[in-house]
Every structure is written in structure tokens, then in C-alpha cells.
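Shown next, in C-alpha cells, is the structure this report addresses.
What follows is calculated from the coordinates using simple rules that are stated; it is not laboratory data. Please read these numbers as outputs of a predicted model, since none were measured by experiment. Here the Cβ positions follow ideal geometry from the backbone for every residue, glycine too, while neighbour counts run over all protein chains shown.
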Amino acid sequence: MPRLSVTRVVGLLSSVVLLSYTASGPGGSVAATDTDTDTDTDTDTDEVLLASEGTARAERDAARIASAQGAQDAQGAPAEGRGRGRGRGRGPVDTLGNGPWDLDTERGRVHVTVVTKGLDHPWGMAFLPDGSMLVTERPGRLRLVRDGVLDPTPIGPLPEIRAALLGGLLDIALHPDFERNRLIYFVYSKPGQDVPENATTAVARARWDGGSVLSGLEGIFVADAYHGGPGAPSGIGPSDGSYGARLAFGSDGLLYISLGERNYPDMSQNPATHAGKILRVRDDGSVPPDNPFVGREGYLPEIYTLGHRNPLGLVFHPVTGELWSTEFGPRGGDELNRIEAGRNYGWYLVSKGTNYDGTPVGDGAGSKPGFEDPVLFWVPSINPGNLTFYEGDRFPAWRGNMLMAAMSRSVLRATFDNAGNPTGQERMLTELGQRFRDVRTGPDGFVYLLTDETFGALLRIEPGR
Ligand SMILES: [Ca+2]
């Protein structure tokens, strides 16, 4: 298959952008685009990601049309254009296979198995005390994997979710006291009340007793980050991109939420919006009085840090207790950041990368006083997803290492010295050719991965045999 040129990729983005702005209907549905997920995975832009999302959307649209219920979803969308690509007529393809795989890494052989397949763009996961797992699917389903088997019945009800482009049901977290109160938290893109495209991001919680029904569903936080729809100022990409969003509970019992700037960079430095920020709230969504900007005029009090583009990873280091975040940046500007209260992480004034059109970010200075430098950044971009610091027993050679899921079809392992400075990196599991969205260390010490694919999977990495 020919590799896409940058021009071609930009062309694809234009069509995706155009369609997303001209579409109408409750789902923000767009006509199918002629896009190709098997593009140059090292091309360092959102464009490839968005182009492949366009294909995924086309696949979903085709599936909707095939179903009777789809007629309702398609309301207002140009029916003649839906599900019809210009070119190859290729349906969704399982690009993974069944495994298992035995793969070499710099620190030994690993054995990778499929825990379950049949997940549509799985996005986040949470391990339950009994060893089972909850997994979100971006189109808006919450799934249970018990004893390695995917329960066919999704868990609900969920709130109304705007599942458009990169928006949908995103991350999930258990309350720190889950074993007693059975509370689960999830973050999702929320349609605007009058204009669905004028969407934001919200966090809800509910009680889950192990079956398929949630009780006590309650929104605890709606970000002041509405953006998109007719008349919205245009940014650097679709307003249904760059949502974030990850959740992480700290040992302080507080909930940390990472939100992207929705491809409207001005929001990252604007303290009057939650977009492009990492936030900190109590478990009921209220503001902790010691948040860094409480009482400062013009600042929303939930803000913990500013200046983020699309922070797609958020985790507390299990040993140091530090908060770390990966950030999907501009070209050559993907970042790993150590997150500290009240700091500004630069976007869109300071970046190690450049804008996708090749122009410098800000005045081109890669660093500036008052803005935090990333611990790591990648040229070309790596398209980071979530991350974990490995401290389990199964892979002694990985202890203290960071593992990062990457949409550029690899898992990145990074090492650090005792002072926390990076000392080396390795890209692993490239043989599988999958876009990795999430990576976690399981309570059993194995490493679990979600592939962000239409035929998505939950994978487990074990030591080699
Ligand atoms: Ca930055």
C-alpha cells in the first residue's frame, strides 16, 4: 500500500473538518470519507489520527444504516452520503489476529495474549477487587470482562453522550473506597443542551453492584468548556477532537481530570475555561479549598494546571506519588509531563514542536521562564495515549520504567535515573500493528493494553515462555 504524502494527509483532514462543520443532526453525523487507517504511522500529526477516525466513523455509519434503529440516529444526516466511501469499498477489518504472540524486547521475551476482542474503540479500563475489569468503549458503552470473558450486555444506563469523532465515553475510575461504596466514575463528551455540537466534557458517577444496571447515576461535574457548532470560532481542527480525557484519584482522595483544548488553542491559556487544563475536584465534584487558584480573580477554581493541548494520559506514580501526564501535542511536540499544582505547561505559547502547518508555536522559543518543560518529548511525534509506571513483580527488568500506549502502533518503555531524568527508550510490540490507547499494570502484575481500533481488543503482556 502506498504511503500517504503529507499533502494527501492534510487533504484528508480538510475533508474531515469540512464535513464535521457542515453536518447536522443529533449525532453530528457526517458522510463517509475516503480515508485509510493503514497510513504512515510515523507521520507526526493529528491528521492521520483524524483521518483514521473518519474511517471508523464511516464503518459505524454503515453499521447504523444496516440496522433498523439506525434510521433514528441518521436523522438530519445526508442519507445518500452515509457509509459510502469514494474508493476501496473495504469494510472493517480485524487487523490483529488471534495470537498469542511471543515477541522480543530489549529486556527479554514477552508473551502477549488476547483477553477479549469485540470491543469498539475501547478507551479506558478499571480493575475490580474480584479480578474482573470494566472497560469503556468510545461510542458510548460500558463493558464488563469477567474471568476473561466479555459480558455481552453493556452496563447502563449512561447519561447522554456525544459520540462524534474523538468524543464519546472516555475514561473510567473507581472511587478509592469502591469496595465499600461501589461508586464508579466516568468522563465523557456531553452534547450541548440546545445545540448538540456545542459540546463539553463531563464527569458522572453511579453505583455498580456487579450486574448490568447502574443505580444512582449522578453528574458531579460539567466542565465550563462548551465549544463547537454553528458560529463557533474555528480552531486548528474539529471541535470534536482534543477532548482528553483521563481520570485519576490521588492518595488525597481527590479526583484529577485532564481536559484537552478541543482544537481551539486559545482555551489552553484562558483561565476562565476548563478546556486545556488538568483539574482537581472532590469526589462529589466540589472544589477543594486548597486548589492553587482558589480565590484568584478570573480563574476557575477547579484548575490545577494550565497550558495543555490534549492530555491523553494521567497517572500517579505508585512509588513517588507524583502525578504524570502524557500530552498529544503539535508536530514534534508530544510530551511527558510531571504535573505540579499551579504550573503552566506552555501550550499554545511554548512548545518543543511546531504547528502542523510548519509555523512556529508562539515566537518559536522551545522553553520560557514561567512555563514547564516536558520531561520527554518526541520528534517525530509518537501520538501518546495513557501511561503506567511499572512496579509489579512479573517483569523485574521493567521495574521503575514508564510504559506508554501509543497510537503510532507501539508501546513505549522509558527508563529514568534516580533523580527522575530520562535515560533511555524502547518501542515495543510494533509487530502487532495496533493503535494502543490505554496501558495499565494489573493487580496480578501483568500489563494490560487496549487497542483503539474498530475491532478493538484487550491484551495482556506476560513474561516470555
Ligand atoms: Ca507543554
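Observations on the model:
- Annotation for region 249-276 versus region 400-445: alpha-carbon center distance of 24 Å.
- Measuring r between the beta carbons of residue 266 and residue 299 and using R0 = 22 Å, the FRET efficiency lands at 0.90.
- Residue separation of residue 113 and residue 286 scaled by 0.36 nm, minus their Cα-Cα distance, works out to 58.1 nm of gained length.
- Restricting region 383-440 to trypsin sites (Lys or Arg not before Pro) in coil, as DSSP defines it, with at most 14 other Cβ within 10 Å: 399
- Largest first, the three principal axis extents of the alpha carbons in region 305-426 are 46, 32, 22 Å in whole numbers.
- Annotation: lysines with alpha-carbon distance below 29 angstrom to residue 368 (same-chain offsets under eight excluded): 277, 352.
- For region 278-368, the list of chymotrypsin sites (Phe, Trp or Tyr not before Pro) that fall in a loop by DSSP and count at most 11 other C-beta atoms within 10 angstrom is empty.
- Net lengthening on full extension, residue 399/residue 417 (0.36 nm per residue, minus Cα-Cα): 5.3 nm
- Cβ charges +1 (Lys, Arg) and -1 (Asp, Glu), total dipole of region 120-204, debye: 20 debye
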